[in-house]
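Novice: Let me begin by handing over the structure; questions about it come next.
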Ligand code: PAP
């Protein structure tokens, strides 16, 4: 059910969190934002002050996870739109016929709610309690920002990451489309510098990825770590892993019927980006943030950074990646074939 259709309850019990948010904004370190003017650094991560900080505080103070919840998490522009459609189509494959599937008429971001940033729509997050189990959520929050009670509940996370060079380019394009009109467009050298310094909404990128990576090594049955590049290269292998992780593995019969391929086709970039709802529809995240669905679909390719970054820019990002991930066992970009991240 779309978050916007859920009943809105009273916001009185959230007033303390809202008050805390207004106080915190005045005291936290400030950085330059990509869409608005400022981001603030809260518990090591940069958050915009118009929605994300409030969303994170609401989750920290009020979100009660259930063991059956599955949270799709990612840094911005790593594949949330794609994974969200795949998870929704997989989880609901007994309910909907593919030819009349809700995804054909509903933008992927309306399939299940974003926990942070956008969910509260100006009042509360209590309406999440009304969702039946198993609940699916999406989030851009770093794992460390979730209260300990969330992992302790036994819920699961699906995490997707992507080559940071493609993330930078994708995010730069996206944020300029949403950038507030009073501000001049963000140039690529500016975005690049901020990204390398880690000053990027929900970032630093590398800390975000490492938090989930390390936790996925400790709790492999609770955190599934995916890579955009692996998904592009072997989508059916990874969709089957995803279904199994979600506790709904494809049966032999479903595989023989070609259901895996049909879901992949439904959720493909080519299919979703050409649907009327994704060409002309809008997504109302909050009063300040209304996004045209088409902005979530740009190229959907690996390596578009080559069209934008100089050799020097590429080398610096690769160097930072190498330094940050050293000793973690994680490499970004496609995994070597037959040795895909942690799944064998
Ligand atoms: P979000 O953080 O705003 O939710 P997210 O969906 O994670 O964005 O990432 C958007 C990227 O995924 C875009 O990449 P690009 O800018 O390099 O093109 C978008 O095109 C790509 N994308 C969206 N849908 C799909 C899909 N079905 N398959 C593959 N890539 C997709």
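Novice: Give the calculated FRET efficiency between residue 153 and residue 310 to the nearest 0.05, with a Förster radius of 41 Å applied to their Cβ-Cβ distance.
Specialist: Working: r = 46 Å, r/R0 = 1.12.
So, using R0 = 41 Å, E works out to roughly 0.35.
Novice: Once R0 is set to 25 Å, what does the formula 1/(1 + (r/R0)^6) return for the Cβ-Cβ distance between residue 328 and residue 37, expressed as a FRET efficiency to the nearest 0.05?
Specialist: After rounding, the FRET efficiency stands at 0.15.
Novice: Now a separate question. If you average the C-alpha positions of the stretch 240-272 and of the stretch 169-192 separately, how far apart do those two centres end up, in angstrom?
Specialist: Cα centres, the stretch 240-272 to the stretch 169-192: 35 Å.
Novice: Which residue, 60, 197, 323, has the most motion in a Gaussian network model of the chain that connects Cα atoms within less than 10 Å?
Specialist: Per the Cα network of the chain with a 10 Å cutoff, 323 tops the list.
Novice: Only Cα pairs under 8 Å and at least 6 apart count here; give the relative contact order of the chain as a rounded whole percent.
Specialist: Once normalised by length, the contact order is 23 percent.
Novice: If you build a Gaussian network model of the chain, linking Cα atoms that sit under 10 Å apart, which residue out of 292, 253, 270 swings the most?
Specialist: With Cα springs under 10 Å in the chain, the top fluctuation among 292, 253, 270 is at 253.
Novice: Suppose only helical runs count, i.e. DSSP H with n ≥ 4. What mean residue ellipticity at 222 nm does that imply for the chain under -39500 (n - 2.57) per run, divided by all residues and rounded to the nearest 500 deg cm²/dmol?
Specialist: -11500 deg cm²/dmol
Novice: For the stretch 205-229 and the stretch 53-111, what is the separation of their C-alpha centers, rounded to whole Å?
Specialist: 18 Å
Novice: For the chain, set up a Gaussian network in which alpha carbons nearer than 10 Å are linked by springs, and say which option among 86, 28, 104 fluctuates the most.
Specialist: Looking only at 86, 28, 104, the largest GNM fluctuation is found for 28.
Novice: Is the shape of the stretch 21-178 rounded, prolate or oblate, going by the alpha carbon gyration tensor and its root eigenvalues a ≥ b ≥ c, with a/c under 1.5 for rounded and a/b larger than b/c for prolate?
Specialist: Because a/c hits 1.5 or more and a/b fails to exceed b/c, the stretch 21-178 counts as oblate.
Novice: For the chain, rounded, prolate or oblate, judged on the Cα gyration tensor with a ≥ b ≥ c (square roots of eigenvalues), a/c < 1.5 rounded, else prolate if a/b > b/c? All intermediate terms of the calculation are to be shown ahead of the outcome.
Specialist: Values: a/c = 1.35, a/b = 1.09, b/c = 1.24.
Judged from the Cα gyration tensor, the chain comes out rounded (a/c under 1.5).
Novice: From the Cα gyration tensor of the stretch 21-86, with a ≥ b ≥ c the square roots of its eigenvalues, which class applies: rounded if a/c is under 1.5, or else prolate if a/b is larger than b/c, or else oblate?
Specialist: The shape class here is oblate.
Novice: Given a Förster distance of 30 angstrom, what is the FRET efficiency for residue 240 paired with residue 302, based on the Cβ-Cβ distance and rounded to 0.05?
Specialist: My answer for the efficiency is 0.90.
Novice: Follow-up. Expected output is a single nm value to one decimal: the length gained when fully extending between residue 251 and residue 179, i.e. 0.36 nm times separation in residues minus the C-alpha distance. What is it?
Specialist: Details: separation 72, 0.36 × 72 = 25.92 nm, distance 4.55 nm.
Difference between extended and current length: 21.4 nm.
Only the coordinates and a few stated rules stand behind these numbers; no lab work does. Worth saying up front: this structure is predicted, and the values here are computed from it rather than measured. So basically every Cβ, Gly included, is an ideal-geometry build from the backbone, and we count neighbours across all protein chains shown.
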